[in-house]
Amino acid sequence: MTLANATVQSGRHGPPGDPRGKQSGQINRNAGTWFLVLPALIPILILSVGPLLYGIALAFTDAQSGRTRSTQWVGVLNFQDLLHDGLFWESFRIGLVWAVGVTVPQFVLALGLALLLNENLRMRWLARALAIIPWAMPEVVVGIMWRLVYNPDAGILNETIRDLGLGDGRDWLTGLATALPAVILVGVWAGMPQTTVALLAGLQNTPHELHEAAALDGAGAWRRFRTVTWPALRPVALSITALNFIWNFNSFALVYVLTNGGPGGRTRLPMLFAYEEAFRYGQFGYAAAMGCVMVAVISVILAVYLAGRLRGGEDR
């Protein structure tokens, strides 16, 4: 039996010590790995990578709506036009204000809520379940619900203001000064549960013995947070903050339902601007160029974030 096994093994991989046998085994393992990865990789290539490459190619053409129009290669003309498009760069500025204005309060409030939910409170399971309700709601539903809240005539916000004798209320979503802050508030409310769940998971992975040791040393609550909790939570915090910034910068549905980019473009995020250029005005090539610029910006942000993470890992 031993001789038969040796014969089979030599037939498969060559004689013992033969490098060709090791290479054959490595090839078989690589083939098996790719066979397992392909079912997940193929949909990504078809639904994500393929459209991305097509969009990049489209940015260098004058593609427009209309079945009889021929598409011509125009090189970097669309990008040159973007450099002088004040409306696009204004939407880009609004997008940055929106992303920062949502991400920062989102993290601060989510951190406070996660710390609270991590305590041994009564009915903690119910509080955790209620905290993730906004996350479970589709963005379109959230937008419709908050449009009702902000309704100038019968919305609960203006009704509360009138009942408290603070005034007659106002039209929050159509006011030039209030539209963007009102939309940012909705973005914070809708995205906070996701950040809370991530931070709560990080808190629960922090060894409880470290807190007990710090407490025995006389450390107060703030010092325990600064020396024990935050160092353990920092990798999760950096990751979720970077992801939130990217998601918020690429927001579309929530703002589209709430204001459709108005009033006067005060809430026109870059995605909304590109959508209007493509599907309202039919400028597909120009809109694709906008998408390429946004992809480039997000790629730079990711590169900076990953470089910081790698440098931090080396320092540790």
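At a glance:
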quantity: Bins of 10 Å, starting at 0 and running to the largest distance - Cα pair percent for region 129-185; calculated: 23, 45, 27, 6
quantity: Gain on full stretching of the segment that runs from residue 204 to residue 130 - 0.36 nm per residue minus C-alpha separation; calculated: 24.8 nm
quantity: Protein-only accessible surface order, largest first, of 192, 294 at 1.4 Å; calculated: 192, 294
quantity: R0 of 30 Å, Cβ-Cβ distance residue 243-residue 49: FRET efficiency to nearest 0.05; calculated: 0.90
quantity: Surface accessible to a 1.4 Å probe, per residue, for the residues of the chain, Å²; calculated: 61 Å²
quantity: Rounded percent of accessible protein surface that carbon and sulfur make up, region 165-242, 1.4 Å probe; calculated: 62 percent
quantity: Solvent-accessible area of residue 90 with every protein chain in place, 1.4 Å probe, in Å² to the nearest 10; calculated: 80 Å²
quantity: Size of charge dipole - the chain - debye, nearest 20, with Cβ of Lys, Arg +1 and Asp, Glu -1, no other charges; calculated: 860 debye
quantity: Rounded FRET efficiency, nearest 0.05, which uses the C-beta distance separating residue 123 from residue 279 and R0 of 30 Å; calculated: 0.05
quantity: Built amide H within the under 5 Å cut-off of residue 61, gap 5+; calculated: 74
quantity: Projected label distance in nm at residue 166 and residue 71, using a 7 Å step from Cα toward the beta-carbon; calculated: 5.2 nm
quantity: Principal axis dimensions, largest first and in whole angstrom, of the chain by Cα; calculated: 95, 76, 35
quantity: All Cα pairs of region 194-316, percent lying beyond 20 Å; calculated: 62 percent
quantity: At least 20 Å along the helix axis (C-alpha) and Kyte average at least -1.0, DSSP helices within the chain; calculated: 19-44, 86-117, 179-204, 230-249, 284-315
quantity: Whole-percent pair-distance distribution, where bins are 10 Å wide, for the alpha carbons of region 135-270; calculated: 11, 29, 24, 19, 15, 3
quantity: Taking the C-alpha atoms of region 226-277, convex hull volume expressed per residue in Å³; calculated: 90 Å³
quantity: Dipole magnitude (debye, nearest 20) for region 106-175, charges at Cβ of Lys, Arg, Asp, Glu; calculated: 360 debye
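The values are calculated or read from the model by the stated rules, or taken from the named source; none is laboratory data. The shown structure was predicted, so the numbers you read here are calculated from the model rather than taken from an experiment. Positions of Cβ are backbone-derived with ideal geometry, glycine not excepted, and every protein chain shown enters the neighbour counts. Quick note on the areas: whole protein, heavy atoms, side chains included, nothing else; ligands and nucleic acids left out. Shrake-Rupley method; radii C 1.70, N 1.55, O 1.52, S 1.80 Å.
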